[in-house]
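The values are calculated or read from the model by the stated rules, or taken from the named source; none is laboratory data. Everything numeric here is computed off the predicted structure, so don't read it as measured data. Neighbour counts run over all protein chains shown; Cβ positions are idealised from the backbone, glycine included.
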Amino acid sequence: MLGFTPADYSAILLSLRVAVVATLFSLPFAFAAAYVMTYRHFTGRIVLDVAVNLPLTLPPVVIGYLLLLVLGQQGLIGRMVLQPLGIKLIFTWKAAVIATSVVGFPLMVRSMRTAMEGIDEHLVHVARLLGARPFDTILTIIVPLSVRGIIAGSMLMFARGLGEFGATVIVAGNIPGVTQTIPLAIYEYVSSPRGDVMALSLCAVSIIISVVVLFFHEWLSRRMVRKD
């Protein structure tokens, strides 16, 4: 680890940054999607279900390419929205955040949805009969009772963000010190002569971060069980 270059330290910090921002960015959207898929019944609900879970079945490279087509300078959103506003996403760390969010979004939604489906529906109905508004019901019943799923989904998203490679390399590139994350740095070292030692060092860092995240998740889960 003492042999890390500034670009390596930048890759480590950027991986953490991308994973954290992607998790926080996706959290409200994932909660809303899980809530709608659990408590709302409407025509075309299966379409929403398929759309949310589609990134789980698509190769990350395909997701990255589709994002490139949409957000690039000639893409629909890129040309009509981003360019007039002077916003550039492709080949920036923000593109890595978007790619990570899309790839990890289904994992977060599934964890939250599982938790919400475990809530006693009578509690929700009673709250509504007592005059609670939908927002109050969400805030006082659904969120507290599904908090374990929210935490689990957030941890899964964070862990997935640390290891994201395929979609990120397409939309963000592999620019040392700018968009290069730990997986991209490892790939570069493996592709170069005598880069095995540095690749192993970065693998060790990735493992350490993942173990810390898992221990934190277990500790938090046990603490919440004791409070119950």
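So here's what we get for this one:
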| quantity | calculated |
| --- | --- |
| Search result, residues across the stretch 116-137 that are free of Cβ contacts under 8 Å to residues at least 40 places away in the same chain and of a type in the set (A, V, I, L, M, F, W, C) | I119, L123, V126, A127, L129, L130, A132, F135 |
| Test: residue in the stretch 149-166 that is among the β-branched types (V, I, T), over 12 Å from the mean Cα position of the chain (by Cα), over 30 Å from R223 (Cβ atoms) and surrounded by fewer than 21 Cβ atoms within 10 Å (Cβ to Cβ) | no |
| Candidate set from the stretch 112-122 (those that are in a helix (DSSP H, G or I) and surrounded by 13 or more Cβ atoms within 10 Å (Cβ to Cβ)); member that is farthest from the chain's Cα centre (by Cα) | E117 |
| In the stretch 179-198, the residues that are over 30 Å from G149 (Cβ atoms) and in contact (Cβ under 8 Å) with a residue 12 or more places away in the chain | T179, Q180, L184, A185, I186, Y187, E188, Y189, V197, M198 |
| Residue count, the stretch 141-190 (criterion: on the phi > 0 side of the Ramachandran plot and in contact with a Phe, Trp or Tyr (Cβ under 9 Å, 6 or more places away or on another chain)) | 1 |
| Inter-residue pairs, beta-carbon under 6 Å, first small (G, A, S) and in the stretch 199-219, second in a helix (DSSP H, G or I), 6+ apart | A199/I186; A199/Y189; A199/V190; S206/I182 |
| Candidate set: the stretch 1-60, residues that are among the charged types (D, E, K, R) and without any contact (Cβ under 8 Å) to a residue 60 or more places away in the chain; chosen: the one surrounded by the fewest Cβ atoms within 10 Å (Cβ to Cβ) | R40 |
| Residue in the stretch 74-92 that is in contact (Cβ under 8 Å) with a residue 24 or more places away in the chain, under 21 Å from the mean Cα position of the chain (by Cα) and part of a helix (DSSP H, G or I) present | no |
| Enumeration of residues in the stretch 128-160 that are touching a Gly at 6+ places or on another chain (Cβ under 6 Å) and not hydrophobic (A, V, I, L, M, F, W, C) | R160 |
| Some residue of the stretch 47-61 being part of a loop (DSSP other than H, G, I, E, B) and small (G, A, S) | no |
| Only one of A34, A19, A30, A7 that is in contact with a Pro (Cβ under 6 Å, 6 or more places away or on another chain) and either modelled with pLDDT under 95 or part of a helix (DSSP H, G or I) (or both) | A7 |
| Residue match in the stretch 178-196 (condition: surrounded by 12 or more Cβ atoms within 10 Å (Cβ to Cβ), within 29 Å of T5 (Cβ to Cβ) and in contact with a Ser or Thr (Cβ under 6 Å, 6 or more places away or on another chain)) | yes |
| Positions within the stretch 164-200 being assigned to a helix (DSSP H, G or I), over 20 Å from R17 (Cβ atoms) and out of contact with any Leu (no Cβ under 9 Å at 6 or more places or on another chain), in sequence order | V190, D196, V197, M198, A199, L200 |
| Out of G72, G78, G86, sole residue that is surrounded by fewer than 16 Cβ atoms within 10 Å (Cβ to Cβ), more than 22 Å from S154 (Cβ to Cβ) and either touching a Leu at 6+ places or on another chain (Cβ under 8 Å) or at pLDDT below 95 (or both) | G86 |
